[in-house]
1. Can you return the aspartates and glutamates within cross-link range of K35? Criterion is Cα-Cα under 19 Å, with same-chain partners fewer than 8 residues away left out.
2. How do W72, W112 rank when sorted from fewest to most other Cβ atoms within 10 Å of their own Cβ?
3. With a 10 Å Cβ neighbour count serving as the proxy for reagent exposure, in which order, fewest first, do K60, K39, K116 appear?
4. List D56, D94, D80 from most exposed to least, where exposure is judged by having the fewest other Cβ atoms within 10 Å.
5. What are the aspartates and glutamates whose alpha-carbon lies under 20 Å from the alpha-carbon of K116, with same-chain residues fewer than 8 places away excluded?
6. Name the long-range amide H neighbours of T28: under 5 Å, sequence gap of 5 or more, or other chain; modelled H, no Pro or chain starts.
7. Apply 1/(1 + (r/R0)^6) to the Cβ-Cβ distance of A49 and K116, taking R0 = 25 Å, and write down the FRET efficiency to the nearest 0.05.
8. Would you grab the residues whose amide H sits under 5 Å from the one on A67? Only those 5+ places off in sequence or on another chain, please, with H modelled 1.01 Å from N.
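Each reported figure results from applying straightforward, stated rules to the coordinates on display, with no laboratory input. Please read these numbers as outputs of a predicted model, since none were measured by experiment. Virtual Cβ from ideal backbone geometry, glycine too; neighbours counted across all protein chains shown.
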Amino acid sequence: MRLILLSAALVIATSPAPVAAQAYMFETGATLLAKCRNKAPEYALACTAYIVGVVDGIRKDMFIGRARPVCWPDRMSADDARRTVIAYLERWPDQRSAPASVLVSVSLNERWPCQK
């Protein structure tokens with residue numbers, strides 16, 4: 001029995017995983033929105049900290065030349081970013097299964113699009 005389980009585990013471990021299974025996410029739009037809606041202070045803090053971390057990461061990538069410029073306000077407040085992301089997630093429930101980091105960027109780009 002142990003040999004069968006070990007063989008099955010080996011087959012599973014060496015089989016190529018579907019692309020979607022390879023893209024592990026710590027946070028989805030749904031899990032982020034759940035944190036942001038939670039009334040407990042620690043969840044509100046986790047929501048804001050996540051969003052601010054994504055914003056800082058994107059700005060870092062822009063600084064080192066790995067991301068396209070964005071047209072967000074230079075002094076955007078954490079609260080303004082949080083409200084923007086929550087409004088986007090509430091308006092587009094079909095997007096909530098996507099990575100939260102992507103949705104943070106999309107929501108901010110929607111609110112502050114670059115002028116063409």
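1. Correct list for K35: E27, D79, D80, E90, D94.
2. Numbers: W72 20, W112 13.
Exposure proxy ranking, most exposed first: W112, W72.
3. Values: K60 11, K39 6, K116 3.
Ordered from fewest to most neighbouring Cβ atoms within 10 Å, K60, K39, K116 come out as K116, K39, K60.
4. Working: D56 10, D94 7, D80 14.
The order, fewest Cβ neighbours first, is D94, D56, D80.
5. Here the aspartates and glutamates satisfying the reach criterion relative to K116 are D74.
6. A100
7. Numbers: r = 33 Å, r/R0 = 1.33.
After rounding, the FRET efficiency stands at 0.15.
8. When sequence neighbours closer than 5 places are left aside, the close amide H contacts are M62.
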